[in-house]
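The values are calculated or read from the model by the stated rules, or taken from the named source; none is laboratory data. The model shown is predicted, which means the values in this text are computed figures rather than measured ones. With ideal geometry, Cβ positions are generated from the backbone for all residues, glycine too; neighbour counts draw on all protein chains shown.
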Amino acid sequence: MGFSSVSFILILGALRLSAVDMAIYTDSLQNSWSDWSWSCTRDFANGSVVHSGTNSVAVTITNSWGAVALNHGDINSSSYSNLTFWINGGPSGGQKLRIYAELSSGQKPAVAMTILAANTWQQMTFSLVTLGVAYQTNFSRFSIQDTTGAAQPTFYLDDIYLTTNSATPPTITLTSPADGASFSAPANISLAATVTTNGHTISKVQFYNGSSLLNEDTTPPYSYTWSGVARGSYSVKASVIYDSVASQDSAIAHITVTGPPPPAPGDLSPRIAVDQFGYMPEMSKIAVIANPQTGFNATNSYTPGATLQVRTWGSNTVVYSGSPVA
Ligand SMILES: [Ca+2]
C-alpha cells in the first residue's frame, strides 16, 4: 500500500512537469488542428510575411462576417491559460476583427480585437477565462472574424499557441471551526474562511456540511453562522469558486456537537409503545393508531404528528422514520 501511494505521487509530479504549451500553428497547422474557415481565402504556407520560421497564414476576408476558424477535437482546457498569436495587418492594415471561442456544446461571446496596424507584427493574447472556455473539457474551436460586414484586406497570422496554465491556484483556509472542535447542542457554529487569490478572480466561497451546501458568501470576510445544529459528528469545509468555474477546497474540520440524548420513549407524547407481550420477541409487531368513538376508551384519541418514528426501547435508537399517509 505504501509503495503504491508513493508511486502515484511520483507519477502526478511527472505529469505536472511535462505540461507544455500546445502549438496550433508554427509553419503549418500542428497537433491535429484543422481549418474550418469561411468567406475568406487563406494560405497556410505563405512565405512572404513571416513572424518566425518559414511560413505564416495569409488571410483575406472576401465576404461579410468571414472568419479564419481553427478547430480541434475536444480539449480539456484546464491545462492552458491563454490563447496567443502574432498578427500583422499587411500593407493596408486597419482590419477590424473580433475573436470568439467555442466549446463543442456552444459558442461563447466574441471579444473585440485591436484594429490591426499596417506592416507590423503584434502579439495578441486572450485568456481562456475572457474567451469563456477556461476549465472546460470540450474546448474545440476559435474564430477570428470580420466585424465590418464587408471584405477586408489581407492580414497574416503566425505562432499560434495555447499556453500552459502555470498560475498557482488560489488557496483557501477554513479558519473556523477548528478541526476537532466541540459544541453543545443546539449549536450555533461560526464558519469562516480566508482566501489567497494568487491573482485569480474569486466568485464566491461556499460552506459545506459533508457534501451538503450550507451557504455561500460572495464578499470577504467569508463567513456563515450555521444555527441550531443538533448533536452529532460533522465534517465541514469551505470551497472557493474562482475564474468563474474552477474550485478549490479547504481542509476538512471534523467537529462534534454534544448534548443530552433525545428523551426516552416514555417521555414522548403522544406515543405508542409496542410491547413484546413477553413472548415471541422475534415476531413483527403491529402498532394500531386509533381514535375510538365508542366504548370504554371513547374519550381517548390519537392524532399523528408529521413524523412517526420506531425506536429501540433500550438505546432509544431511531430504527425507522416516516410520514403518515391518510
Ligand atoms: Ca511561422
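Yes/no matrix, rows are residues, columns are (1) part of a strand (DSSP E or B); (2) among the small types (Gly, Ala, Ser); (3) touching a residue at least 24 places away in the same chain (Cβ under 8 Å):
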site: Thr163; (1), (2), (3): yes, no, yes
site: Asp179; (1), (2), (3): no, no, yes
site: Ser190; (1), (2), (3): yes, yes, yes
site: Asn198; (1), (2), (3): no, no, yes
message: Quick check on my filter: what residues within the stretch 151-170 are touching a strand residue (DSSP E or B) at 6+ places or on another chain (Cβ under 8 Å) and farther than 18 Å from Asp35 by Cα?
response: Ala151, Gln152, Pro153, Thr163, Thr164, Asn165, Ser166, Ala167, Pro169, Pro170
task: Could you please find all residues in the stretch 283-318 being hydrophobic (A, V, I, L, M, F, W, C), over 20 Å from Pro260 (Cβ atoms) and modelled with pLDDT of 75 or more?
output: Phe296, Ala298, Ala306, Leu308, Val310
field: Residues that are away from the ligand (no atom under 16 Å from the Cβ) and assigned to a loop (DSSP other than H, G, I, E, B), drawn from the stretch 27-75
entry: Ser32, Trp36, Ser37, Ser39, Thr62, Asn63, Ser64, Trp65, Gly66
task: Check Thr62, Thr54, Thr84, Thr26 and return the single one that is at pLDDT 95 or above, within 30 Å of Ala167 (Cβ to Cβ), surrounded by fewer than 19 Cβ atoms within 10 Å (Cβ to Cβ) and over 28 Å from the mean Cα position of the chain (by Cα).
output: Thr26
task: Quick one: in the stretch 230-249, of everything that is buried (at least 16 other Cβ atoms within 10 Å of the Cβ) and modelled with pLDDT of 95 or more, which residue is farthest from Pro170 (Cα to Cα)?
output: Tyr234
field: Among residues of the stretch 166-179, those that are crowded, with 20+ Cβ neighbours inside 10 Å and within 26 Å of Ser77 (Cβ to Cβ), counted
entry: 2
- line: Only one of (1) in contact with a strand residue (DSSP E or B) (Cβ under 9 Å, 6 or more places away or on another chain); (2) exposed (fewer than 14 other Cβ atoms within 10 Å of the Cβ); (3) touching a residue at least 12 places away in the same chain (Cβ under 8 Å) does not apply to Ser203, and that is (2)
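Can you tell which of Thr171, Thr196, Thr218, Thr147 is touching a Lys or Arg at 6+ places or on another chain (Cβ under 8 Å), more than 16 Å from the ligand (Cβ to nearest atom) and within 23 Å of Asp249 (Cβ to Cβ)?
Step by step, each of Thr171, Thr196, Thr218, Thr147 is checked, and only Thr218 is touching a Lys or Arg at 6+ places or on another chain (Cβ under 8 Å), more than 16 Å from the ligand (Cβ to nearest atom) and within 23 Å of Asp249 (Cβ to Cβ).
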